[in-house]
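I have placed the structure first, in the form of structure tokens, so that the comments after it can refer back to it.
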Amino acid sequence: PHDLMALHPYNPLDDLYNLYPHSLRNIDELCASIVRSHRETSQYRLEELQALRWKVFSREEIQAYQSKTVDEMWQHCAVRLTDAVQYVVEFAKHVPGFRMLSQNDQIALLKTGSMEVVLVRMCRFFNTVNNTVFFDGKFAGTEVFKSLACNDLIAAVFDFAHGMCALKLTEQQLALFSALVLLNADRPSLEDRGRVQRVQRSVELGLTHILHRDNQDSLMHKLHQRMAVLRSLCSLHMEKLRWFSQRYPLAAHSLFPPLYKELFASEAELLPGATH
Ligand SMILES: CCS(=O)(=O)c1ccc(CNC(=O)N2CC3(CCCC3)c3nc(-c4c(OC)ncnc4C4CC4)ccc32)cc1
């Protein structure tokens, strides 16, 4: 099935063999190991989410969320996001080639990529019928997040989830796409961009291989479009975060989990006077 190799004058599989001379003798093994780590770090199994699909928040529970203050709700969400990000960090650590990168490059990729992978994974626990997302143990509509005071961001997240669901990705396709979102050699402040490019190329090869095998080559273009939407979503999020940390300097500084300082805040950028 490697006829697609014929299309590439140079054979990126050489990169694969150079990168992992012993462990992964072919692209199937690369895909299998990424799918396995996706499955082991996906936080919720599809069957669990399917069973909870119609468990939505009551009027009282929605009221309770909506009566939280802005900083209370941001902090509440921050805890849920941090939890989800931990699973993405575990996923990243098992993507072949990721751990061979320098510590700084691993952090640089996670700093921006982890949020994007959380958003990609959200389509697994999104119910397009009643426009709800699994949050805090039940399925929540946009009204649950009203007190965050950023309805445009939430609307954009829900739109993105709809768009991802429309592609009807299999778990295997989602696993390879998540790895590709993470292994982005265009991220800022990478020390060894060339090395990240080689790992990115091998993951791209894996995704191309999986889509070719599933007879869905046309999905690749759509997935690249999704990545562009992801980047705009995350910059909108960072804009909100800047607004939030100026409006609630104490909350941003003390309430966000320690991971925040590691992953998102840099001295000048987000938290004035942050202590590392
Ligand atoms: C990364 C760890 S950290 O550095 O400590 C860190 C960094 C930033 C923040 C503040 N942003 C924030 O809390 N956000 C942002 C967004 C909405 C826009 C993009 C993702 C989001 N989403 C959820 C979330 C969900 O989180 C797991 N699960 C389901 N639904 C939702 C909401 C509908 C969006 C829950 C929190 C949440 C918090 C913590």
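General remarks:
- Considering (1) farther than 23 Å from LEU153 by Cβ; (2) in a helix (DSSP H, G or I); (3) touching a helix residue (DSSP H, G or I) at 6+ places or on another chain (Cβ under 9 Å), the lone condition that VAL95 does not fulfil carries the number (2).
- Verdict on ARG195 being crowded, with 17+ Cβ neighbours inside 10 Å and not aliphatic (A, V, I, L, M): yes
- When residues of the range 172-188 are limited to those that are assigned to a helix (DSSP H, G or I) and not hydrophobic (A, V, I, L, M, F, W, C), the one nearest to the chain's Cα centre (by Cα): SER178
- Test for GLU191: is it more than 16 Å from the chain's Cα centre (by Cα) and not in a helix (DSSP H, G or I): yes
- Of the residues making up the range 17-55, just one is modelled with pLDDT under 90 and basic (Lys, Arg), namely ARG25.
- Scanning the range 118-131 for residues that are open to solvent by 10 Å² or more (accessible area, probe 1.4 Å), more than 9 Å from the ligand (Cβ to nearest atom) and within 14 Å of the chain's Cα centre (by Cα) gives CYS123, ARG124.
- Residue check: ARG231 meets all listed conditions (1) within 16 Å of the ligand (Cβ to nearest atom); (2) open to solvent by 80 Å² or more (accessible area, probe 1.4 Å); (3) outside any helix (DSSP H, G or I); (4) of a type in the set (Lys, Arg) but one, namely (3).
- Whichever residue in the range 69-112 is near the ligand (Cβ under 8 Å from one of its atoms) and open to solvent by less than 30 Å² (accessible area, probe 1.4 Å) and, among such residues, is nearest to ALA140 (Cα to Cα): CYS77
- Those residues of the range 38-48 which are in contact (Cβ under 8 Å) with a residue 40 or more places away in the chain, over 14 Å from the mean Cα position of the chain (by Cα) and open to solvent by less than 100 Å² (accessible area, probe 1.4 Å), in sequence order: TYR44, LEU46
- Unique match (being at pLDDT below 95 and among the small types (Gly, Ala, Ser)) among SER67, SER114, SER147, SER58: SER114
- Residues of the range 143-189 that are within 16 Å of the ligand (Cβ to nearest atom) and of a type in the set (Ser, Thr, Tyr): SER147, SER178.
- Tally, over the range 171-192, of residues that are of a type in the set (A, V, I, L, M, F, W, C) and open to solvent by 10 Å² or more (accessible area, probe 1.4 Å): 1
- Residue match in the range 136-144 (condition: surrounded by fewer than 19 Cβ atoms within 10 Å (Cβ to Cβ) and more than 26 Å from GLU48 (Cα to Cα)): no
- Filter pass, MET115 being open to solvent by less than 60 Å² (accessible area, probe 1.4 Å), within 11 Å of the ligand (Cβ to nearest atom) and under 19 Å from the mean Cα position of the chain (by Cα): yes
The values are calculated or read from the model by the stated rules, or taken from the named source; none is laboratory data. Worth saying up front: this structure is predicted, and the values here are computed from it rather than measured. Every residue, glycine among them, receives a Cβ derived from its backbone with ideal geometry; neighbour counts consider all protein chains shown. Surface areas here come from the heavy atoms of the whole protein model, side chains and all, with no ligands, DNA or RNA. Shrake-Rupley method; radii C 1.70, N 1.55, O 1.52, S 1.80 Å.
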